[in-house]
Every structure is written in structure tokens, then in C-alpha cells.
1. Can you find a residue that is in contact with a Lys or Arg (Cβ under 7 Å, 6 or more places away or on another chain) and of a type in the set (S, T, N, Q) anywhere in region 123-143?
2. Condition check: touching a Phe, Trp or Tyr at 6+ places or on another chain (Cβ under 9 Å) and either outside any strand (DSSP E or B) or basic (Lys, Arg) (or both). Does residue 228 satisfy that?
3. Would you please name the residue that is modelled with the lowest pLDDT, looking only at residues in region 22-66 that are among the acidic types (Asp, Glu) and surrounded by fewer than 24 Cβ atoms within 10 Å (Cβ to Cβ)?
4. Condition first: without any contact (Cβ under 8 Å) to a residue 12 or more places away in the chain and among the β-branched types (Val, Ile, Thr). Now tell me which residues in region 84-141 satisfy that.
5. From the list 87, 116, 82, which one is surrounded by fewer than 17 Cβ atoms within 10 Å (Cβ to Cβ) and either in a loop (DSSP other than H, G, I, E, B) or touching a strand residue (DSSP E or B) at 6+ places or on another chain (Cβ under 7 Å) (or both)?
6. For region 41-62, how many residues are part of a helix (DSSP H, G or I) and closer than 24 Å to residue 12 by Cα?
7. For the list (1) closer than 16 Å to residue 201 by Cβ; (2) crowded, with 18+ Cβ neighbours inside 10 Å, I need the number of the one condition that residue 238 fails.
8. Being more than 18 Å from residue 186 (Cα to Cα) and either of a type in the set (Asp, Glu) or modelled with pLDDT under 95 (or both) is the filter here, so list the residues in region 234-258 that pass it.
Amino acid sequence: MDEEQKSQLLNSGLAGKRAIVTGAAGEIGQAITRHFVAADVRVLMVDMDPAKLDALEAELGDGVASLVADVANDGEMSATVDKAVADFGGLDIAVLNAGIEGAVESITDYDVDLFDRVMAVNVRGVWLGMKYAIAAMQANPGGSIIAMASASGIVGSAKCSAYVASKHAVVGLVRAVAAEVGRDGIRINAVAPAPIEGRMIQSLESGYITDDPARVRRAMEKMLPLGRYGKASEIAALVAFLASDAASYSTGGVFAADGGMTAAR
């Protein structure tokens, strides 16, 4: 991030706000956290990977805290929000970014336990995050919740039934809950990325063609109007915008950041 970008973030109206970022140890979660810290937002980072959380705390300093928690666990998500409120004095932003891709597998062969885990993390985790974050934000009042959907929450993808179903559910949650809490001054939006450089897309590429995942990438890049995969920092910039006062009239929206993938389908 260059000095001009940092200056823009510091002037975005985010300074002094208090945030939770789930899935903070992944590429997108790290990028979101770094954007927030650059904007002088205090962040509670939540993930299941303590080593990566410790490394981020060491890197980012006093502006962050961390918590190892399973977003699909009711008690742990309740405790997460409680910790943010206790540590920071309140909650203004919740980025519900934690998610897993599951397997690339036909529905007839898909493991039922894995399907349940994908739905637990990707849907129950978002629902619980909304449930407890909204209760905290109603005391402010006001706040911004950004849920990580996907281009797969807008269109379908063969052999990804659990992931696609979960991300469509995230879009539905965003629309339903935005209509419910708008009068409380709480905005809820979804970001729909794909494909983004990192571990998850590499896992999906390998799932489709085990012996030549690069072939999947070449095919996808040919389909994308922008002709390339996205960067985690580009998703973080959109999340920061939606969290800021610049997006004060945006709620219930699904904001694609997919290189034109869904437009071209």
C-alpha cells in the first residue's frame, strides 16, 4: 500500500471505529485487517489458526487483538462480540469473511459431513455473526456489516454444490437482515469476489484438474473480461469502502468484485 492509499484511508471516516474480522488469517482477511489498521480502525481478528494470528498481532501492533474461535459455534461467536465490546468499548464494523470451499465433487459423491461443515462455517457462521454483532451495534446505534459472498452466490458452478448453496444463502441473509435492521442505522452488504489469487482458488483449480491445475487458470482468465485473477487487496479496498461513511446509503447490496465474471455469464 503506497502513501497516497494510506492517506485516502485515513480520510475515509473510518478512523477510531471498532471492527471484527473473521477469517482474518486468510489472504483476504489479512488484507482487510491491514486496510483497517491503515485507516486507524481497531480490529479484533478471529480465526482458527493461532500461529497466523500471533504473527499478524506482532506485525500490526497495538491496533489489533486476536481470538481463536469457530464462527459456527454459537457460544464462541457470542464471546467474540463480547470481547470486541469489552476491549474497544463498542462495535461499529463486522466483516464476516470466514469461509471454506469444501470439495470439487459431483453431488452424488459429495460427503454429507463435509456438506454440513461448509454450510456451518459459510452460512451459520455469517448468521451468528450478524445475530451478535447487530445486538452490539444497536447500542451505538448504527454500524456496518459486510458478509463475504462470492460470484458463486450469484451464478452456479458445477461440482461445487455445497459452496454455491452456502454463498447463495449468504446473499439471502444479507438481503433479509438488511431489511430488518435498516431503521436501527445498521447497514448490511455482501461482497462477491472471484477468482482471487490465493489458497482457495488454487484448491479449486486442483480439484477440477488434479494433474494440470494451471489449465483451469488459463481457461478462467480467458473468460474474464478483465483477463486476470483479482488480488486480496482489491477486495479489502471494497470492504473498506462499504464500511465507511462514503457508503452511507448502501444496504442490502451485493457488490461483485469478480473481474466481470458474472457479467459475462
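The values are calculated or read from the model by the stated rules, or taken from the named source; none is laboratory data. All of these numbers come straight from a predicted model, not from anything done at the bench. Virtual Cβ from ideal backbone geometry, glycine too; neighbours counted across all protein chains shown.
1. Taking region 123-143 as the starting set, the residues that turn out to be in contact with a Lys or Arg (Cβ under 7 Å, 6 or more places away or on another chain) are none.
Within region 123-143 (the criterion being in contact with a Lys or Arg (Cβ under 7 Å, 6 or more places away or on another chain) and of a type in the set (S, T, N, Q)), the answer is no, since none of the residues qualifies.
2. No, not satisfied.
3. Of everything passing the filter in region 22-66, 62 is modelled with the lowest pLDDT.
4. Answer for region 84-141, where residues must be without any contact (Cβ under 8 Å) to a residue 12 or more places away in the chain and among the β-branched types (Val, Ile, Thr): 108, 112.
5. Matching residue, one of 87, 116, 82: 87.
6. So the answer is 6.
7. Result: residue 238 passes all but (1).
8. Scanning region 234-258 gives 234, 258.
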